[in-house]
Amino acid sequence: DTLGPTVTIGEILVEIVATTPGNGFAEPQPLYGPYPSGAPAIFIDQCGRMGGAAAMIGAVGADDFGRLNLDRLRRDGVDVSAVAVVPDLPTGSAFVRYRADGGRDFVFNMWTSAAGRIGWTPEAEALIARAGHLHVMGTLLGHRQVWEMIARAAPALKARGGTVSLDPNLRPELASDGDLRARLDRIVALSDLILPSGEELYIAAGLDPAIGESAALHRLFNAGVREIALKRGAAGSSALLADGTRHDAAAFAVTETDPTGAGDCFGGAYVACRRLGMAPAMALTYANAAGARNVTVRGPMEGAGTRDELDRFIAETGRRA
Ligand code: ATP
Ligand code: MG
């Protein structure tokens, strides 16, 4: 691993949350927010809070929603030199309301906002030129502009000894689209670390879940992946290494207040810990703690923890049976 920062590319949003459970936004209702958000932003914020060198490529508007995000990322140690401030579009936003059944209804203003102006700026180019690691969000493989940046950045990093991680975060329907499948295969082949959630293991491998976990792992390791951190929500997580080593970690026993951002905090902590030189088992403990701590707090990245906060959380919180 080279010493440059962990970099991610993608949307920066504010999230505004309905305070009551129910279906959608067809009627006036109490709202809470804005909170800094966007999956890549949550990932990189947790990475920075953990103490890993972290930087982001994105775009916000010249408004309070943008300043809220930039202030948070800066506070948490994230280099925002490659986050463009767009003068003529508002910062992206997501209104979210939880249904009684745990589902979510959204109203998004994402690619029609400043986030849609993400591009290969001189600042982005300079950042990529000194980055040590690129984290790729699978949700963005279908976004033409962002894909072009990933397709340019990932091989460049690898060629000079950097590393790449992927959170597949793709629905099965999407991964069966021809173009997207090809992009996914290309990025899997460049990835050192993959962080799938449940069935995404099979989506990343391009195999039917009926084939079983070990066949899917085998396929990914053969493609050049060295490590897989498998997320299982309240059932915890596992780290699986190409040398056959396996670590399983039970989840922490917490009360879930807001599930948004668990996977991104898990990933940010795992990548930061591994790049700080920790062994997989220890990285997994911090990642589990980061995911669990984040779901106890309302707001998508409000529960991201510093290393001290996570140490305290680990000491004070029991594990699920
Ligand atoms: P997201 O729902 O944000 O996309 P994900 O599906 O990628 O997340 P999850 O498996 O839901 O990822 O969460 C990541 C990690 O966070 C889990 O492996 C677990 O360690 C922790 N976590 C998530 N939810 C809970 C919970 N309810 N209780 C304890 N730990 C949790
Ligand atoms: Mg989840």
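The values are calculated or read from the model by the stated rules, or taken from the named source; none is laboratory data. All values derive from a computational prediction rather than experimental measurement. Heads up, the Cβs are rebuilt from the backbone with ideal geometry, glycines too, and the neighbour counts pull from every protein chain shown. With ligands, DNA and RNA removed, areas are computed over all heavy atoms of the protein, side chains included. Shrake-Rupley method; radii C 1.70, N 1.55, O 1.52, S 1.80 Å.
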**Prompt:** If you go through the range 232-246, how many residues are open to solvent by 20 Å² or more (accessible area, probe 1.4 Å) and either touching a residue at least 60 places away in the same chain (Cβ under 8 Å) or more than 13 Å from ligand 1 (Cβ to nearest atom) (or both)?
**Reply:** 8
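Taking the options LEU207, LEU134, LEU157, LEU220, name whichever one is assigned to a loop (DSSP other than H, G, I, E, B), away from ligand 1 (no atom under 16 Å from the Cβ) and not hydroxyl-bearing (Ser, Thr, Tyr). I'd like the intermediate steps shown before the answer.
On the way: LEU134 fails: assigned to a loop (DSSP other than H, G, I, E, B); LEU157 fails: assigned to a loop (DSSP other than H, G, I, E, B); LEU220 fails: assigned to a loop (DSSP other than H, G, I, E, B).
After ruling out the rest, the residue left standing is LEU207.
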**Request:** All but one of (1) in contact with a His (Cβ under 8 Å, 6 or more places away or on another chain); (2) open to solvent by 40 Å² or more (accessible area, probe 1.4 Å); (3) closer than 21 Å to ALA272 by Cβ hold for TRP111, so report the exception by its number.
**Result:** (3)
**Asked** Out of all the residues in the range 232-269, which are part of a strand (DSSP E or B) and either touching a Phe, Trp or Tyr at 6+ places or on another chain (Cβ under 6 Å) or among the acidic types (Asp, Glu) (or both)?
**Response** ASP248
**Item:** Residue list for the range 1-34, restricted to those being part of a strand (DSSP E or B) and surrounded by fewer than 24 Cβ atoms within 10 Å (Cβ to Cβ)
**Value:** ILE16, VAL17, ALA18, LEU31, TYR32, GLY33, PRO34
**Asked** So which pairs qualify, if the first residue must be in the range 45-59 and under 7 Å from VAL7 (Cα atoms), the second must be among the hydroxyl-bearing types (Ser, Thr, Tyr) and open to solvent by 10 Å² or more (accessible area, probe 1.4 Å), the Cβ gap must be under 8 Å, and the two must be at least 6 apart or on different chains?
**Response** ALA55/SER81
**Prompt:** Is one or more of the residues making up the range 105-119 part of a helix (DSSP H, G or I) and within 17 Å of the chain's Cα centre (by Cα)?
**Reply:** yes
**Message:** Among the numbered criteria (1) within 15 Å of the chain's Cα centre (by Cα); (2) within 12 Å of ligand 1 (Cβ to nearest atom); (3) free of Cβ contacts under 8 Å to residues at least 40 places away in the same chain, which one does ALA249 miss?
**Reply:** (1)
**Prompt:** Would you pick out the residues in the range 259-296 that are crowded, with 24+ Cβ neighbours inside 10 Å, over 11 Å from the mean Cα position of the chain (by Cα), near ligand 1 (Cβ under 10 Å from one of its atoms) and of a type in the set (A, V, I, L, M)?
**Reply:** LEU284, ALA287, ALA289, ALA290, ALA292
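Is it the case, given these coordinates, that VAL295 is aliphatic (A, V, I, L, M), within 27 Å of ASP105 (Cα to Cα), in contact with an Asp or Glu (Cβ under 8 Å, 6 or more places away or on another chain) and within 16 Å of ligand 2 (Cβ to nearest atom)?
Yes: the conditions hold for VAL295.
Each row is one residue, and each column tells you yes or no for (1) closer than 30 Å to GLY233 by Cα; (2) exposed (fewer than 14 other Cβ atoms within 10 Å of the Cβ).
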position	(1), (2)
ASP79	yes, no
SER93	yes, no
ALA100	yes, yes
GLY119	no, yes
**Request:** With the condition kept exactly as written, say whether any residue in the range 229-248 is touching a Gly at 6+ places or on another chain (Cβ under 9 Å), away from ligand 2 (no atom under 16 Å from the Cβ), modelled with pLDDT of 95 or more and over 22 Å from TYR202 (Cβ atoms).
**Result:** no
**Asked** Going by the conditions given, is ARG72 in a helix (DSSP H, G or I) and over 28 Å from ILE194 (Cβ atoms)?
**Response** no
**Asked** Among all residue pairs at least 6 apart or on different chains, which show Cβ distances below 7 Å where the first residue, located in the range 113-133, is of a type in the set (Ser, Thr, Tyr) and the second is in a loop (DSSP other than H, G, I, E, B)?
**Response** SER113/LEU89; SER113/PRO90; SER113/THR91
**Message:** So, in the range 187-199, how many residues would count as being within 13 Å of ligand 1 (Cβ to nearest atom) and open to solvent by less than 30 Å² (accessible area, probe 1.4 Å)?
**Reply:** 3
**Message:** assigned to a loop (DSSP other than H, G, I, E, B), out of contact with any His (no Cβ under 9 Å at 6 or more places or on another chain) and open to solvent by less than 50 Å² (accessible area, probe 1.4 Å): is that true of GLY66 in this structure?
**Reply:** no
